[in-house]
Amino acid sequence: MKSSAAMGFFEHIGRSAERYLSTMGAAFLLLAQAMYQGFTGRQNYKEIINQMSLIGYNSMPIVLVTVAFSAMVLAYHTATQFVRFGASSYVGGMVAVSVAREIAPVLTAVVVVARVGSSIAAEIGSMQVTEQIDALRSLAVSPVKYLVTPRLLACLTMLPVLTVFAGLMGVAGGYLVAVFSAGVNPTVYKSSMLSFLTVRDIWGGLIKAVVFGGLIAVISCQKGLNTRGGAAGVGRTITSAVVASIIWIYIVNYFLSVLLFPGGQVQL
């Protein structure tokens, strides 16, 4: 009984892994098509700007709140313990580096997946089940160029912008908590932040943001284009797009961290 249950569990894990790898393969193919369409012919700049507004401007408040309070929690625990052991001179640097490398790009991407990725999957999925995409093909309009390319370019552009503002808000929130809650000297905090934080940390976070933006766009669009089964299928598409995007963001984040920051070292 136990062995059959274990076998069923591992079979389920295998099927899930196969499904996610298949999703990533299809997403890479769609990415190649969208990038090719993006570099050939005229672009719908009005739609690109509209998508940039939806992805960037409309997502700004929730991104800033999420990253700010996450950095504040990090600063609270870090400052409390470091002050206890007489290492308050490291608080600003640790918070700033953590925000730049991980918190700002990763949490920004997760928030955008929840807010924008689900919307993209729902919109394109609804068009698929109502045969609007087939109508585009019948009019000799490429669904990839008309639907995917503007969203991909908008995500690639706006994720780094959101990450920059999120990082600034996270550092500011960490400063407030460390100084006014844990009692870290403001001058010491700023000096530590400037000593630890490097241009490499900032650029590394922005590179992650670009990669995450591409993942969100292509996975959400790919799931939407493959929607089947009416309204219920659209619901499944939304769930699948959000789950797959978040899983791949965390997987890719690990490998990007190893590549961009070998050894996980912090510049002293």
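The values are calculated or read from the model by the stated rules, or taken from the named source; none is laboratory data. Treat the numbers as computed from the prediction; the structure is a model and nothing was measured. Here the Cβ positions follow ideal geometry from the backbone for every residue, glycine too, while neighbour counts run over all protein chains shown.
Observations, loosely collected:
- So Val65, is it within 30 Å of Asn185 (Cα to Cα), out of contact with any Phe, Trp or Tyr (no Cβ under 6 Å at 6 or more places or on another chain), free of Cβ contacts under 8 Å to residues at least 40 places away in the same chain and surrounded by 13 or more Cβ atoms within 10 Å (Cβ to Cβ): yes
- Candidates are the residues of the stretch 185-200 that are over 16 Å from Gly170 (Cβ atoms) and small (Gly, Ala, Ser); the one that is modelled with the lowest pLDDT is Ser195.
- Of all residues in the stretch 83-102, those being surrounded by fewer than 24 Cβ atoms within 10 Å (Cβ to Cβ), in contact with a helix residue (DSSP H, G or I) (Cβ under 7 Å, 6 or more places away or on another chain) and either touching a residue at least 40 places away in the same chain (Cβ under 8 Å) or not in a helix (DSSP H, G or I) (or both) number 6.
- Cβ separations smaller than 8 Å between residues 6+ apart or across chains give no pair from the stretch 224-244 residues that are more than 23 Å from Phe212 (Cβ to Cβ) to residues that are of a type in the set (Asp, Glu) and part of a helix (DSSP H, G or I).
- Subset of the stretch 129-142 [modelled with pLDDT of 85 or more and touching a helix residue (DSSP H, G or I) at 6+ places or on another chain (Cβ under 6 Å)]: Val129, Ile133
- Taken over the stretch 108-122, residues that are among the β-branched types (Val, Ile, Thr) and under 11 Å from Thr66 (Cβ atoms) amount to 4.
- Residue, surrounded by the fewest Cβ atoms within 10 Å (Cβ to Cβ), within the stretch 161-218, restricted to residues that are assigned to a loop (DSSP other than H, G, I, E, B) and not polar (S, T, N, Q): Gly183
- Counting only residues that are within 22 Å of Ser89 (Cβ to Cβ) and either under 28 Å from the mean Cα position of the chain (by Cα) or without any contact (Cβ under 8 Å) to a residue 24 or more places away in the chain (or both), the stretch 155-189 holds 14 of them.
- Residues in the stretch 107-141 that are closer than 21 Å to Arg228 by Cβ and exposed (fewer than 15 other Cβ atoms within 10 Å of the Cβ): Thr130, Glu131, Gln132, Asp134, Ala135, Arg137, Ser138.
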